[in-house]
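Remarks on the structure that follows.
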Amino acid sequence: GDVYKRQAQMKVIKDQERKIDAGLTNLQKGVGRLHQIAIQIGSEIDVQNKMLDNTEKVVDQQTNKLASINRRLDKLVKNSNPINLSLIHISEPTRLLSISYAVFCLKKKKRKCKKYNT
C-alpha cells in the first residue's frame, strides 16, 4: 500500500519536473531570441543615430551658408539703390526636412518711361 502510493507520488513528481524542465527550456530559448533581437535593435539604433548626426551636421552647414548669403544679400541691398532692386523671395531651411534650401532672387525694377505726346 504505502510503497505503491510512494511510487505513484514519485511518478507524479517526475512528470511535473519534466514539464517544468521543458517549460524552462522553452523560456531559455525565448530569452535567447529576445537577446538577439535586442542586439539587432541596438545596432539599428546606432546606425540611425549616425545618420541623424550626419543629417544634423549637413543642416547646420547649410544654415550657416544661408546666414552668410543673407548677410551678403542685406549688404547688397543696403549698398544698392533700393529703387532699382526688389527682393522677391527668401526661404529658410527647417530642421524637420532632410534637405535644406534657400531660394532668393533680386530683380531690377523696371523704370517707367513717360511718353509725352506733342
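The values are calculated or read from the model by the stated rules, or taken from the named source; none is laboratory data. Values in this document were obtained by computation on a predicted structure and should not be read as measured data. Virtual Cβ from ideal backbone geometry, glycine too; neighbours counted across all protein chains shown. Please note that ligands, DNA and RNA were not included when accessible areas were found on the heavy atoms of the full protein model with its side chains. Shrake-Rupley method; radii C 1.70, N 1.55, O 1.52, S 1.80 Å.
Of note:
- Nearest-10 value in Å² for the accessible area of VAL47, using the 1.4 Å probe: 70
- Neighbourhood charge, 12 Å Cβ-Cβ cut-off, centred on ARG71 and excluding it, Lys, Arg +1 and Asp, Glu -1: +3
- Residue-wise HN-Hα couplings along the stretch 35-42, as the Karplus relation 6.51 cos²θ - 1.76 cosθ + 1.60 with θ = phi - 60° gives them from phi, are 4, 5, 5, 4, 5, 5, 5, x Hz; Gly and Pro carry x.
- When nucleic acids and ligands are ignored and a 1.4 Å probe is applied, LEU76 ends up with an accessible area of around 80 Å².
- Neighbour net charge for ILE13 - beta-carbon separation under 14 angstrom, K R +1, D E -1: +3
- Taking all pairs of distinct alpha-carbon atoms in the stretch 1-47, Kirkwood radius in angstrom: 13.6
- Of all accessible heavy-atom area on the stretch 1-40, the percent that carbon and sulfur account for (1.4 Å): 59
- Modelled FRET efficiency - R0 30 Å, LEU52 with GLN28, Cβ distances, 0.05 increments: 0.25
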